[in-house]
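Below: one structure, written as structure tokens.
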Amino acid sequence: MDLVPVDALRPLAEQGPFHLLIHKLYGDDWRAQLEAFAARHPAMPVVDPPHAIDRLHNRISMLQVVSDLDRAADKDRTFGIPSQTLIADGTAKSHKMSLVYHREGLGKLRSPLVLQEFVNHGGVIFKVYIGGGHVTCVKPRSLPDVSPEDDASAEGSVSFSQVK
């Protein structure tokens, strides 16, 4: 088996042939190309079909199951709160985040966005990817812990990007 990277900067119709296509959606144009390519090659499996991962490109629908488990009242919200754009499409824009230190900082953010609870974690996280019998664990960059001193001295929110 040969793994051949797909070049997102070239039209998909000019690439291939593929026995199987594993992709990352980059936006509406790429989605249209992917759907057209799959229609022209119906015997070729696409992992995953765009319609099957729509829920994962919208952080609200992706996290709906989690938020339904435990809805804390807004008055009980503690700061710093990470915020991210609503759309998770792999672009640099979708990796922009803010850490909000005060309720007033929420007013400075552009919606639509998703607010998440922040838990101090020693500045280390692990992401585990599983495909069949293959497991990969990576340690991406993470936010440092937030101290009460950070909360007191910050100007509402701090923006940054998680793109490497």
How would you rank VAL47, VAL158, VAL119, going from fewest to most other Cβ atoms within 10 Å of each one's own Cβ?
-> VAL119, VAL47, VAL158
Least to most buried among VAL138, VAL100, by other C-beta atoms within 10 Å and fewest first, runs VAL138, VAL100
How large is ³J(HN,Hα), in whole Hz, for each residue of segment 109-117 in order, when computed from phi with the Karplus curve 6.51 cos²θ - 1.76 cosθ + 1.60 and θ = phi - 60°, using x for Gly and Pro?
-> 8, 9, 8, x, 8, 10, 9, 10, 6
Distant-in-sequence amide H partners of ALA88 (H built 1.01 Å from N, under 5 Å) = ASN58, ARG59
Search the structure for amide H atoms under 5 Å from the amide H of HIS102, placed 1.01 Å from N in the peptide plane, and list their residues when 5 or more places away or on another chain.
-> GLY156
Under the Karplus curve 6.51 cos²θ - 1.76 cosθ + 1.60, θ = phi - 60°, whole-Hz ³J(HN,Hα) for segment 3-14, x wherever Gly or Pro sits | 9, 10, x, 7, 8, 5, 8, 10, x, 4, 4, 8
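Coordinate-derived values only; no laboratory data. Just so you know, these numbers come straight off a predicted model, no measurement behind them. Neighbour counts are summed over all protein chains in view; Cβ atoms, including those assigned to glycine, are modelled from backbone coordinates with ideal geometry.
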